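*Asks:* Can you keep this structure in mind? I'll have questions shortly.
The values are calculated or read from the model by the stated rules, or taken from the named source; none is laboratory data. None of these values were measured; they are calculated from a predicted model. Positions of Cβ are generated from backbone atoms using ideal geometry, with glycine treated the same way; all protein chains shown enter the neighbour counts. For the accessible areas, the whole protein counts, side chains as well, though only heavy atoms, and no ligand, DNA or RNA atoms are used. Shrake-Rupley method; radii C 1.70, N 1.55, O 1.52, S 1.80 Å.
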Amino acid sequence: MTASSNAITSDLLSFTRSAEAIRHNSQWMAGGVNSNFRLNISPTPLVIERGEGPFLYDVDGNRLIDYYLGMGPMILGHNPAALTQAVKRQIDDGILFGAQSAVEAEAARLVCQMVPSAERMRFGGSGSEVDQAALRLARAATGRRNIIKFEGHYHGWFDNVLWSTAPAPDAAGPREAPKAVAGSKGQLADTADTLVVLPWNDPELLETRLAQGDIAAVIMEAAMCNAGAVHPLPGYLEGVREACTRHGTILIFDEVITGFRLAPGGAQELFGVTPDLSTFGKAIANGFPVAAIAGRADLLDMFVSGGVVHGGTYNAQPIAMAATVATLQSLKPSLYEEIAVNGTRLMDGMREIFARHGVKAVVEGFPQVFHVAFGLEQPARDYRDLARMNRQAYVAFTTALLHRGVRALERGAWFMSIAHDDAVVASTLEAVEGAVKQIRADGAI
């Protein structure tokens, strides 16, 4: 077989056609992409022609084992039959009505059935949007202005929350009192005036700040899976829940990554802690632009009778709702069990390879989404631990992997799907072995 037809070969893959397409398309699209998170990929952002199961096929004719999975959504793999059939049936019935549909009601029923916090819910179009809706509800319900967020946690790209998502250590200030660091030029500085930034996994600092009585909401990733794949410390989520209740603060779990990925009911089901509000996206519809806000009925009903505005032309768009129903119906316990087996095997295999070649690295997280951090000796407990990882060496590693037919996010996250079976994991570990040998020989680590 040639490199153009096989995921793992003795020949390294080339991406010249992708690079040329990106250059050519830059005359219309800024940078040749439509999201900054697709820029600066080594050796080039890719142009993909199609996906199938765990594989992507690019314009150079390469077949790639994919651990981006659309940056997290594709828990069923690419192009699953049950989903595509449901979408095709809905297209025949209509695209957008500006009204309600039976399929959105069924999707909502499934969300409320699966998610512990979901007494009531609303659909949106993106995680960024529903996070804004959650903050608006919290402020309306409490009459307070201030919000606590945590270093390294991501809640969308809007001005009022894109703070301290990946701050440089020399700009972040002391750990006990972090400075709010803007994530983008052009952000209005005063959008941070109502934001309090704290380190995660530190219950004492949180309790002290909540005790001032002015916090409308605490928003967090229940497991820190954007910057890494960091577990909450034992008792931490329970302590946050109790503290928020005691001080009249709304607890929001941002489950855009963890929802429907770590368990059918997300991280809140896995850890047994129920927030007041939750937000979802990504795996909820296996690649379709669907998000959701769910939670206490009295809070969600403020959209109806409490004067709180929530809107969106494409909210609950029927085709996307058909995808949502098909996805949620597929998320059986057996699916998570199978992903856990293969994800654990991949994590263990990578640890063994790194140890055998003397590569200092931590492979940590969950079988459904884990993180690889070069240069660390112990699992991270917060963003500042993760910030010490050797990112340059890790990019060299993912570049070497890509040339061997394995696509992994350069920030360290690996997403698993039900399509990543035993054979795919074996091929991936073969590529990891070759990539490690290469970066060792090149002096990258």
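*Asks:* What aspartates and glutamates does LYS179 reach when the alpha-carbon gap must be under 15 Å and sequence neighbours fewer than 8 apart in one chain are set aside?
*Replies:* Partners within reach: GLU151, ASP170, ASP190, ASP193.
*Asks:* A 30 angstrom limit on the alpha carbon distance is what I want to check against. Which of LYS149/LYS282; LYS88/LYS185; LYS88/LYS282; LYS88/LYS149; LYS88/LYS332 exceed it? Spell out each step's value before the answer.
*Replies:* Values: LYS149/LYS282 21 Å; LYS88/LYS185 42 Å; LYS88/LYS282 20 Å; LYS88/LYS149 41 Å; LYS88/LYS332 23 Å.
Too far apart for the 30 Å limit: LYS88/LYS185; LYS88/LYS149.
*Asks:* Let me ask something additional. What residue among LYS282, LYS332, LYS360 shows peak mean-square fluctuation when the chain is described by a Gaussian network model with Cα springs under 10 Å?
*Replies:* Of LYS282, LYS332, LYS360, the most mobile in the Gaussian network model is LYS332.
*Asks:* Given a 1.4 Å probe and the protein chains all in place, what does the accessible area of HIS403 round to, in Å² to the nearest 10?
*Replies:* 50
*Asks:* Also, quick follow-up: Give, as a single signed number, the net charge of other residues whose beta carbon lies under 11 Å from the beta carbon of ARG120, with Lys and Arg counted +1 and Asp and Glu -1. Walk me through the numbers before you get to the answer.
*Replies:* Details: positive: ARG122, ARG296; negative: GLU119, ASP298, ASP301.
Net charge in that neighbourhood comes out at -1.
*Asks:* Rolling a 1.4 angstrom probe over the protein chains, ignoring ligands and nucleic acids, what is the accessible area of GLU119 in square angstrom, nearest 10?
*Replies:* Taking all protein chains as shown, GLU119 has close to 110 Å².
*Asks:* Quick check: Cα centre of the stretch 235-312 to Cα centre of the stretch 52-124, how many Å?
*Replies:* 19
*Asks:* What is the stretch 176-232 by shape, rounded, prolate or oblate, if you read a ≥ b ≥ c off the alpha carbon gyration tensor as root eigenvalues and call it rounded for a/c under 1.5, prolate for a/b larger than b/c, and oblate otherwise? Write out the running numbers ahead of the final one.
*Replies:* Working: a/c = 2.07, a/b = 1.12, b/c = 1.85.
Oblate, because a/c is 1.5 or more while a/b does not exceed b/c.
*Asks:* If we count every other residue with Cβ under 12 angstrom of ARG404's Cβ, Lys/Arg +1 and Asp/Glu -1, where does the sum land?
*Replies:* On the way: positive: ARG63, ARG407, LYS437; negative: ASP11, GLU430, GLU433.
The answer is 0.
*Asks:* In terms of modelled amide H atoms, which long-range or inter-chain residues lie less than 5 Å from the amide H of LEU198?
*Replies:* LYS149, PHE150, GLU151
*Asks:* Take every Cα pair under 8 Å in the chain that's 6+ residues apart, average their separations, divide by the length, and report that relative contact order as a whole percent. Show your work: numbers first, answer last.
*Replies:* On the way: 889 pairs, mean separation 95.0, N = 445.
This gives 21 percent for the chain.
*Asks:* Could you check which residue among VAL256, VAL359, VAL372 shows the biggest mean-square fluctuation in a GNM of the chain with a 10 Å Cα cutoff?
*Replies:* Per the Cα network of the chain with a 10 Å cutoff, VAL359 tops the list.
*Asks:* Another one. What is the sum of charges, Lys and Arg at +1 and Asp and Glu at -1, for the other residues whose Cβ falls under 13 Å from the Cβ of ALA141? If you can, show how the numbers build up before the last one.
*Replies:* Working: positive: ARG136, ARG139, ARG144, ARG145, ARG296; negative: ASP276, ASP298, ASP301.
Residues near ALA141 contribute +2 overall.
*Asks:* Which residue fluctuates most in the GNM of the chain (Cα springs below 10 Å): GLY375, GLY72, GLY98?
*Replies:* Fluctuation is largest for GLY98.
*Asks:* How much length is gained on full extension from ASN79 to ASP170, taking 0.36 nm per residue of separation minus their Cα-Cα distance? Don't skip to the end; give the middle numbers.
*Replies:* On the way: separation 91, 0.36 × 91 = 32.76 nm, distance 4.39 nm.
Here the answer is 28.4 nm.
*Asks:* Just from its helices, what would the mean residue ellipticity at 222 nm be for the chain, if runs of 4 or more DSSP H residues each count -39500 (n - 2.57) and the sum is divided by every residue, rounded to the nearest 500 deg cm²/dmol? Write out the running numbers ahead of the final one.
*Replies:* Working: 14 runs with 158 residues, N = 445.
Using -39500 (n - 2.57) per qualifying helix, the result is -11000 deg cm²/dmol.
*Asks:* At THR245 and ARG391, where each label point lies 7 Å from the Cα along Cα→Cβ, what is the point-to-point distance in nanometres?
*Replies:* 3.9
*Asks:* Does the stretch 358-445 come out rounded, prolate or oblate, given a ≥ b ≥ c as the square roots of the eigenvalues of its C-alpha gyration tensor, rounded meaning a/c under 1.5 and, failing that, prolate meaning a/b above b/c? Before the final figure, lay out each step's value.
*Replies:* Numbers: a/c = 2.03, a/b = 1.13, b/c = 1.80.
Oblate shape, in that a/c is at least 1.5 and b/c is the bigger or equal ratio.
*Asks:* In nm, what is the difference between 0.36 nm times the number of residues separating LEU335 and PHE97 and their Cα-Cα distance? Please report the intermediate quantities before stating the final value.
*Replies:* Values: separation 238, 0.36 × 238 = 85.68 nm, distance 3.37 nm.
This chain segment gains 82.3 nm when fully extended.
*Asks:* Further question: Using a ≥ b ≥ c from the Cα gyration tensor of the stretch 14-90 (square roots of the eigenvalues), is it rounded, prolate or oblate, where a/c under 1.5 gives rounded and otherwise the larger of a/b and b/c decides, a/b for prolate? Don't skip to the answer; put the middle values down first.
*Replies:* Working: a/c = 2.07, a/b = 1.74, b/c = 1.19.
Because a/c hits 1.5 or more and a/b exceeds b/c, the stretch 14-90 counts as prolate.
*Asks:* Using a 1.4 angstrom probe and counting only protein chains, how large is the accessible area of THR16 in Å², to 10?
*Replies:* The value for THR16 is about 90 Å².
*Asks:* Can you give the relative contact order of the stretch 122-243 as a percent, counting alpha carbon pairs under 8 Å and 6+ residues apart?
*Replies:* 30
*Asks:* Antiparallel versus total DSSP beta bridges in the chain: what percent is that, nearest 5? Let's see the in-between values first.
*Replies:* Working: 28 of 45 bridges.
That works out to approximately 60 percent antiparallel.
*Asks:* Tell me, what is the percent relative contact order of the stretch 1-146, built from C-alpha pairs under 8 Å that lie six or more residues apart?
*Replies:* Details: 117 pairs, mean separation 21.2, N = 146.
That works out to 15 percent.
*Asks:* How far is helix 127-142 tilted, in degrees, relative to the longest principal axis of the Cα atoms in the chain, given as a value from 0 to 90 rounded to the nearest 10?
*Replies:* 20
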